[in-house]
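Reviewing the structure listed below.
The values are calculated or read from the model by the stated rules, or taken from the named source; none is laboratory data. Please read all numbers here as calculations on a predicted model, not as lab measurements. Here the Cβ is made from the backbone with ideal geometry for all residues, glycine too, and neighbour counts use every protein chain on show. Note: areas computed on protein heavy atoms with side chains; ligands, DNA, RNA excluded. Shrake-Rupley method; radii C 1.70, N 1.55, O 1.52, S 1.80 Å.
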Amino acid sequence: MAFDIDMIKKVYKTMPERVDKARAIVGKPLTLSEKILYAHLWDGNPTTAFSRGKDYVDFAPDRIALQDATAQMALLQFMQAGKPKVAVPTTVHCDHLIQAKQGAAPDLMRANQTSSEVFDFLASVSNKYGIGFWKPGAGIIHQVVLENYAFPGGMMIGTDSHTVNAGGLGMVAIGVGGADAVDVMAGMAWELKFPKLIGVKLTGKLNGWTASKDVILKVAGILTVKGGTGAIVEYFGPGAKNLSCTGKGTICNMGAEIGATTSTFGYDDSMERFLRATDRSEIADEANKIREYLTGDAEVYENPELYFDEVIEIDLDTLRPHLNGPFTPDLATPVGELGKLAKENGWPIKVEWGLIGSCTNSSYEDLTRAASIAKQAVDKKIKAKSDFGINPGSEQIRFTAERDGVLKVFEDLNATIFTNACGPCIGQWDRSDMKGDEKNTIVHSFNRNFSKRADGNPNTHAFVGSPEMVAAIAISGRLDFDPMTDTLINEDGEEVKLEAPQGLELPPLGFDVIDSGYVEPVKDGSNVEVTVNPKSERLQLLDPFKPIGNTIRGAKLLIKAHGKCTTDHISMAGPWLRYRGHLDNISNNMLIGAVNAFGMKTNFVKNQLTGEYGGVPDVARDYKANNIYSVVVGDHNYGEGSSREHAAMEPRHLGVAAVIVKSFARIHETNLKKQGMLGLTFANESDYDLIQEDDTINFLDLDQFAPDRPLTIAFVHTDGTKDVIKVNHTYNQQQIDWFNEGSALNLIKKQNASSN
């Protein structure tokens, strides 16, 4: 069934005229990314050629997707906006709050019991405001979106950094914080700095053990975790057309790991096949009518250096399988070279677990390719040396894979089939084989492998690979195993070799499902009651933030974060997910994973009021109780990773007025702005070294806060000396208005009140 077909037809009806006008205004051929951006301007037809990486632009996204962990805070904010219904098609997907432990059925039952309050809240809010609701067990948000809502040429925002997965179906799909989503749900424009463009030309064809996953693992190694910041990555070339639609989705999905605004591919035959296979032939028919507008102009792809800010070329014929890690998704190593590197670095060679699934690699094709390796192991009497866990991407995929005997292959290898949910990928894993902080290695087909990410153990060395490579490595039980050259000894003592994987792009008998898990909202939700127990530990109605003001004097340094500080470090997932709807409770995890540059410990900072050391949230609460603002200082790419706005809302709630860093990850910087905080960067990065543990901080010219005007800050040291430094910012006037009002939501409410 094609959801929202009338909306899609409207997009396709206006797109040719808007693209033609944009091409004339820009005065040159257009990339696909530019076509979609110019076709979704808030003001309609283009009238201006925007400067990449400079101009802030208002857009009108077609739809919104929310996952349960971030939907709670987004919907709590939307409830304050004073709107009776969402302005654009919106869905909520319950995939984050299901812990992997025993297997699909018991795990889902337990989740429905332990998180019933949250699921009931999300269901009732969805029903009231006209939001489509996908029940727990229905699937992982990004796979469900790809199968049901994504469409070529569309623009979507979602409260999860891996919203970018929909680029596999030719969308510009962007991860945002909940406040951004609230803007659009309330019928307002969504603001984005016009992105730069990185072109990736793919030639050749994948073969042997190399998979779509290896394309993005290679790109991550080239660009690093911040190389895509502020840019859209657009894939093109004959190699791109040789990839399946879900393979394209995998590549776009992990674009979040290079900091990219999003990634996308031009509409082609593989996308048409996927649309028709997922019962959306009507969309394919409409897309075919404007096919040339749903990909980049031919001149762009013929001479990419003239139209992209950066161009990378990858030959799929010679691309080698990779395993990236540990502890960062951009440490790219070809499989055959990993053993030597592991021994040099002391990484455990023995592999304890192989995990297949997540929003990155849980399609039917992924499962069949991995199952082809698992079946060889069963047939050749090879007993898997590692434990196996499988997370199907959706109930439709699970049902179809079970019908076709794919899941049985894994079960024959003693794999555990977990719920159609995120599970270990986001730390929702009750791992029973490890106690304490034992040093160990796991391999998985997920997207991220930060410290503590999967199981909370800082000594778990996680490596990212394709599902089929994960299967092979897990079967061997060794990180240094190379299935292209190495052999295994089976139960009969025979030396056997695994053959290259074989998979099916789409199920030959078609997709099937009995209950997809979708719940349609009522047409009129005005009588639907949404209740939140004031004594709940899971949900808490929000109080508007008060403006910080333009006089910040006597602020205290809360923490000077050393090195990598992702949103996982700022607001951990795992067991903390239960508090995602309760701002005060979840604020108890604020920055507890960040390494303090003074002492190099986590969750151990000096309280300048008492002279004693304590946890970061505790010290922040003490400053707040004494009406003292605090300041966080950070390193490069601060806020890398998830879109979770809790990483901005928690500091705001606990009295942090400003975050000053060497550089920001895009989504986190925007989230800070939305919550009425100061997100600032050192004009001179070396000034980071000037910050001392007992510093008191004075903002000297915040009363002159204006676009393109640096701010001046004095760091006063305990010996009476001080360092006065300049800090830069990227605030435009509207964002300064957010700061002056206390938050973007406060401004929305004010504007709504004046218009009613």
For this session: Scan region 516-538 and report the pairs whose first residue is in contact (Cβ under 8 Å) with a residue 60 or more places away in the chain and whose second residue is among the β-branched types (Val, Ile, Thr), with Cβ atoms within less than 6 Å and a gap of 6+ or a chain change.
Result: Pro521/Ile131; Val530/Val125; Arg538/Val118
Exercise. Which members of region 130-153 meet the condition of being assigned to a helix (DSSP H, G or I) and either open to solvent by less than 20 Å² (accessible area, probe 1.4 Å) or of a type in the set (Gly, Ala, Ser) (or both)?
Worked result: Ile141, His142, Gln143, Val144, Val145, Leu146, Glu147
Problem set entry | Residue identified as β-branched (Val, Ile, Thr) and under 30 Å from Lys35 (Cβ atoms) among Val335, Val311, Val351 | Val311
For this session: Being assigned to a helix (DSSP H, G or I) and touching a strand residue (DSSP E or B) at 6+ places or on another chain (Cβ under 6 Å) is the filter here, so list the residues in region 674-687 that pass it.
Result: Asp687
Problem set entry | Residues (basic (Lys, Arg) and touching a residue at least 12 places away in the same chain (Cβ under 8 Å)) located in region 592-634 | Lys606, Arg621, Lys624
Problem set entry | Filter result (touching a residue at least 40 places away in the same chain (Cβ under 8 Å), closer than 20 Å to Ala561 by Cα and of a type in the set (Gly, Ala, Ser)) within region 674-701 | Gly679, Ala683
For this session: Give region 539-559 a look and list any residue that's more than 25 Å from Ile736 (Cα to Cα) and open to solvent by 10 Å² or more (accessible area, probe 1.4 Å), or say none.
Result: Gln540, Leu541
Problem set entry | Options Leu66, Leu76: the member that is closer than 23 Å to Phe119 by Cα and in contact with a Leu (Cβ under 6 Å, 6 or more places away or on another chain) | Leu76
Exercise. How many of the residues in region 695-704 are acidic (Asp, Glu) and open to solvent by 40 Å² or more (accessible area, probe 1.4 Å)?
Worked result: 1
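Could you check, for region 735-742, whether at least one of its residues is of a type in the set (S, T, N, Q) and either assigned to a loop (DSSP other than H, G, I, E, B) or under 18 Å from Leu557 (Cα atoms) (or both)?
Within region 735-742, none of the residues are of a type in the set (S, T, N, Q) and either assigned to a loop (DSSP other than H, G, I, E, B) or under 18 Å from Leu557 (Cα atoms) (or both).
Check whether at least one residue in region 226-233 is over 24 Å from the mean Cα position of the chain (by Cα) and either open to solvent by 10 Å² or more (accessible area, probe 1.4 Å) or hydroxyl-bearing (Ser, Thr, Tyr) (or both), and report yes or no.
No, because not a single residue in region 226-233 is over 24 Å from the mean Cα position of the chain (by Cα) and either open to solvent by 10 Å² or more (accessible area, probe 1.4 Å) or hydroxyl-bearing (Ser, Thr, Tyr) (or both).
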Exercise. Identify, please: which residue in region 212-237 is among the aliphatic types (A, V, I, L, M) and in contact with an Asp or Glu (Cβ under 6 Å, 6 or more places away or on another chain) and is, among those, nearest to Arg52 (Cα to Cα)?
Worked result: Val225
Seminar exercise, completed: Across region 462-476, the tally of residues that are among the small types (Gly, Ala, Ser) and under 17 Å from the mean Cα position of the chain (by Cα) stands at 0
For this session: Sort through Val200, Val176 and tell me the only one that's at pLDDT below 95 and either out of contact with any Asp or Glu (no Cβ under 6 Å at 6 or more places or on another chain) or open to solvent by less than 10 Å² (accessible area, probe 1.4 Å) (or both).
Result: Val176
Seminar exercise, completed: Filtering region 702-733 for residues that are in contact with a strand residue (DSSP E or B) (Cβ under 7 Å, 6 or more places away or on another chain), over 18 Å from Asp689 (Cα atoms), touching a residue at least 40 places away in the same chain (Cβ under 8 Å) and not hydrophobic (A, V, I, L, M, F, W, C) leaves a count of 2
Problem set entry | Count of region 2-31 residues which are among the small types (Gly, Ala, Ser) and open to solvent by 40 Å² or more (accessible area, probe 1.4 Å) | 2
For this session: Working only within region 420-449, note down all residues that are open to solvent by 10 Å² or more (accessible area, probe 1.4 Å) and polar (S, T, N, Q).
Result: Gln428, Ser432
For this session: Please give the helices (runs of 4 or more DSSP H) falling wholly within region 561-632 in which 1 or more residues are open to solvent by less than 10 Å² (accessible area, probe 1.4 Å), closer than 30 Å to Cys422 by Cα and in contact with a Pro (Cβ under 9 Å, 6 or more places away or on another chain).
Result: 567-570
Seminar exercise, completed: The condition from (1) of a type outside the set (A, V, I, L, M); (2) crowded, with 21+ Cβ neighbours inside 10 Å; (3) in a loop (DSSP other than H, G, I, E, B) that Glu34 misses is numbered (3)
For this session: Determine if region 475-486 includes at least one residue that is in contact with a strand residue (DSSP E or B) (Cβ under 9 Å, 6 or more places away or on another chain), among the aromatic types (Phe, Trp, Tyr) and either open to solvent by 50 Å² or more (accessible area, probe 1.4 Å) or more than 29 Å from Asp68 (Cα to Cα) (or both).
Result: yes
Problem set entry | Complete set of residues in region 705-727 that are surrounded by 15 or more Cβ atoms within 10 Å (Cβ to Cβ) and touching a Pro at 6+ places or on another chain (Cβ under 9 Å) | Val727
Exercise. If we only count helices (runs of 4 or more DSSP H) wholly inside region 265-332, which ones have 1 or more residues that are within 26 Å of Gly230 (Cα to Cα) and in contact (Cβ under 8 Å) with a residue 40 or more places away in the chain?
Worked result: 298-302
Seminar exercise, completed: Contact list, first residue from region 152-171 and more than 17 Å from Thr91 (Cβ to Cβ), second anywhere and charged (D, E, K, R), beta-carbon distance below 6 Å, six or more apart or interchain, is Gly168/Lys248
Exercise. Regarding Lys83, is this residue open to solvent by 10 Å² or more (accessible area, probe 1.4 Å), within 23 Å of Asp120 (Cα to Cα) and charged (D, E, K, R)?
Worked result: yes
For this session: Within region 512-524, identify whether any single residue is more than 28 Å from Ala100 (Cα to Cα), buried (at least 17 other Cβ atoms within 10 Å of the Cβ) and over 23 Å from the mean Cα position of the chain (by Cα), and answer yes or no.
Result: yes
Exercise. Within region 86-109, how many residues turn out to be open to solvent by less than 10 Å² (accessible area, probe 1.4 Å) and not aliphatic (A, V, I, L, M)?
Worked result: 7
Exercise. Within region 637-662, can you find the residues that are assigned to a loop (DSSP other than H, G, I, E, B) and out of contact with any Cys (no Cβ under 9 Å at 6 or more places or on another chain)?
Worked result: Gly641, Ser642, Ser643, Arg644, Glu645, Leu654, Gly655, Lys662
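When only residues in region 658-686 that are of a type in the set (D, E, K, R) and open to solvent by 20 Å² or more (accessible area, probe 1.4 Å) count, which is farthest from Asn728 (Cα to Cα)? So that I can check it myself, show each step before the final result.
Quick first cut of region 658-686, residues of a type in the set (D, E, K, R) only: 662, 666, 669, 673-674, 685.
Narrowing further to those that are open to solvent by 20 Å² or more (accessible area, probe 1.4 Å): 662, 666, 669, 685.
Details: Lys662: 10, Arg666: 15, Glu669: 13, Glu685: 11 Å.
Among those that are of a type in the set (D, E, K, R) and open to solvent by 20 Å² or more (accessible area, probe 1.4 Å), it is Arg666.
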For this session: State all residues of region 8-51 that are among the β-branched types (Val, Ile, Thr), touching a residue at least 40 places away in the same chain (Cβ under 8 Å) and within 18 Å of Pro195 (Cβ to Cβ); if no residue qualifies, say none.
Result: Val19, Thr31, Ile36
